Structures are given as structure tokens and as C-alpha cells.
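The values are calculated or read from the model by the stated rules, or taken from the named source; none is laboratory data. In this text the structure is predicted, and so the values were computed from the model without any measurement. Cβ sites come from the backbone with ideal geometry, for glycine too, and all protein chains shown count toward neighbours.
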Amino acid sequence: MFRDRIKANYNTLSPSFRRLADFVLNQSLDVALMTATELAQQMDMDAATVVRFAQTIGYTGFREMLKEIQQIVKEELTASYTITLDTANDADLFRGLLENEKHNLSLVQTQLAEQTNVILPALASARRIWVLGQDSCAHLAALCAAELQEIDLPAAFVVSDPLEVAKHLKEAGPEDVLLAFSLDRLDLQVADAINFARQREVKTFAFSASPVTAASLAAERTVVCPGPTQTQTISFTGLAALIVILIAAFAVRYPERVTSARDKLQESYRGLLELRTLTTSEVDVENL
């Protein structure tokens with residue numbers, strides 16, 4: 001395993017290789033989603049150094065090491081919490097399933113990586129924010145877009161249909177952000193939308209139940225919210241919780257903007273109530 005190989009060779013590594021070793025050990029999820037070039041840029045070194053590091057700890061090259069890292073990360077993220085499903089008591093079944101969701105949320109917490117630090121600034125400075133998902137994730141995407149609109153961010157939900165994506169993103173550019181939600185590998189339309197956006201230098205983020213969905217692999221940055229269960233369904237608890245956390249975190253980082261948005265909403269609502277009162281008083285309801 002890559003962790004064992006790194007630890008076995010750690011004391012003999014050069015300073016630059018030790019920096020790489022520390023990053024691979026501490027940010028294995030990030031590394032699983034990177035190419036050799038991207039990892040080199042992250043560490044401010046050349047790609048050849050990354051390849052030599054992999055060879056030094058016993059791999060033929062970076063590709064072999066990456067394949068093992070991806071497999072191990074996937075196994076760790078898809079390990080479900082073991083519960084008893086054949087209980088006769090529904091209350092016990094509910095408790096067990098809730099324990100599984102708590103387990104998934106704890107995995108989200110431990111897998112949050114440094115790349116998460118760029119999400120809030122990207123949203124704060126975005127000219128437009130496109131949010132999309134496929135199938136059941138379309139509902140999560142619509143909810144996320146609505147919540148972002150509540151805090152006065154320029155968000156819009158986009159159906160993952162290719163024609164709709166083309167209409168919405170035809171003038172997208174570097175000042176825009178795309179947020180994609182993904183539960184399984186059948187999210188090819190979402191992955192196509194991400195690739196389309198990246199061609200236009202749009203900042204792309206995927207919130208996914210797995211690091212190996214098409215959307216996860218296509219996006220510039222991915223936040224993994226594991227969703228394994230012992231049933232035939234995939235859990236979207238982590239993805240739904242992330243929407244709540246995203247809004248709350250933005251409110252903490254940009255309180256003035258959120259307060260201003262709430263004040264504007266309340267002012268508009270009061271204005272509508274006043275108009276309704278005025279209209280009601282002027283209309284002869286009995287003669288309508």
C-alpha cells in the first residue's frame with residue numbers, strides 16, 4: 001500500500017520528496033483526483049520530480065501509484081457502517097440507519113481537503129453561478145441554487161440536458177462558477193457540462209458521493225460526501241448537509257452581504273404586504 005511504502009522510505013527521502021510524501025499522506029483524496037502535472041503545480045515543483053518520487057518508493061511511475069491511491073481512497077469512502085437490517089422492530093431499524101448516516105457525515109468531515117478553501121471566495125466574486133445535477137441530484141441542485149439566491153448570490157439552476165446547458169453557458173467565462181451534484185457514475189451529462197464549462201475557463205466544483213464518478217473526475221475541484229449504505233439505495237445525506245454548511249459558512253465569512261440580502265428581502269416583502277392591503281381595500285369583493 002502507498003502509505004506503507006512512503007513510511008518505509010521516509011527517512012531516506014530528500015527534503016523535496018518528504019514534502020511530497022507528507023502531502024500524499026495527509027491529502028490522499030486530493031492526490032487521487034490529480035494528474036502528475038497538477039500535483040507538481042500544487043507543490044511548486046516540476047512533474048519529473050513527482051514521477052521520480054513515485055519510482056523512489058517502489059512504483060514504475062506516477063500512474064501506477066495514482067491507480068493504487070484511487071483504489072484505496074474509493075474503498076475507504078465506500079465502506080458502509082455495519083448495522084443489523086433484519087430487526088423486527090422498526091424503531092431499531094431507523095436507529096441503525098441513522099447511525100449509518102452519522103458515519104457518512106463523519107467521513108465527509110475527515111475528507112474535507114485544502115481545496116475547499118477556494119469555494120467561498122469563488123462564490124463571493126462570481127458573476128454568475130450555475131448549479132446542476134442529473135436525475136435525483138437535480139432536486140439537490142435546485143435546492144442549492146434557491147438557497148444561494150436567498151443570500152443574494154447570482155445563482156441559477158440548470159437542467160443537465162445538453163441543449164439547456166448550451167443555452168445557459170454559451171457566454172460563460174472565467175468570472176463564472178459551476179457547482180455540480182453527483183451521486184453515481186451515470187452522471188455523464190453532468191460531466192459533459194463540466195467539461196463544456198472548463199473549456200470556457202469557468203471555475204468548476206463537484207459535490208459527489210464518490211471520487212470516481214464522471215463529474216468528480218471532470219471537475220477542477222471535488223468535495224466528496226460518501227454515501228454507502230447496506231441497502232439498495234445511495235445516501236444523499238452528505239450532499240444535502242453540504243448545502244446547509246455552504247450557506248452557513250458563507251454567512252460566517254461574508255456577514256454584511258447576507259445581512260444586506262435579508263434586509264432587502266424583508267423590505268420587499270413589507271412592500272408587497274402594503275400593496276396587498278391597499279388593493280384589498282379598493283376592491284369590492286362582493287361584486288366581483
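With the checklist (1) touching a residue at least 40 places away in the same chain (Cβ under 8 Å); (2) under 30 Å from L13 (Cα atoms); (3) surrounded by 15 or more Cβ atoms within 10 Å (Cβ to Cβ) in hand, flag the one item R128 doesn't pass.
(2) is the only condition that R128 fails.
Name the helices (runs of 4 or more DSSP H) wholly within the range 185-269 that hold at least 1 residues that are among the basic types (K, R)? Quick ask: steps written out before the conclusion?
Working: elements: 188-199, 214-218, 237-253.
The helices (runs of 4 or more DSSP H) meeting that bar are 188-199, 237-253.
What about A197, is it modelled with pLDDT of 95 or more, farther than 16 Å from I119 by Cα, touching a Leu at 6+ places or on another chain (Cβ under 7 Å) and buried (at least 19 other Cβ atoms within 10 Å of the Cβ)?
When the stated conditions are applied, A197 passes them.
Return a yes/no flag: does the range 98-105 have any residue that is in contact with a Leu (Cβ under 6 Å, 6 or more places away or on another chain), surrounded by 13 or more Cβ atoms within 10 Å (Cβ to Cβ) and within 20 Å of I234 (Cβ to Cβ).
Taking the range 98-105 as the starting set, the residues that turn out to be in contact with a Leu (Cβ under 6 Å, 6 or more places away or on another chain) are none.
Checking the range 98-105: not a single residue is in contact with a Leu (Cβ under 6 Å, 6 or more places away or on another chain), surrounded by 13 or more Cβ atoms within 10 Å (Cβ to Cβ) and within 20 Å of I234 (Cβ to Cβ).
Quick check on my filter: what residues within the range 79-117 are aromatic (F, W, Y) and within 16 Å of the chain's Cα centre (by Cα)?
Step one: filter the range 79-117 for residues aromatic (F, W, Y), giving 81, 94.
Selection gives nothing.
Does any residue of the range 77-89 turn out to be of a type in the set (D, E), assigned to a helix (DSSP H, G or I) and either in contact (Cβ under 8 Å) with a residue 12 or more places away in the chain or more than 18 Å from N9 (Cα to Cα) (or both)?
no
Within the range 160-168, can one find any residue that is closer than 30 Å to Y254 by Cα, assigned to a helix (DSSP H, G or I) and over 14 Å from the mean Cα position of the chain (by Cα)?
Checked the range 160-168: at least one residue is closer than 30 Å to Y254 by Cα, assigned to a helix (DSSP H, G or I) and over 14 Å from the mean Cα position of the chain (by Cα).
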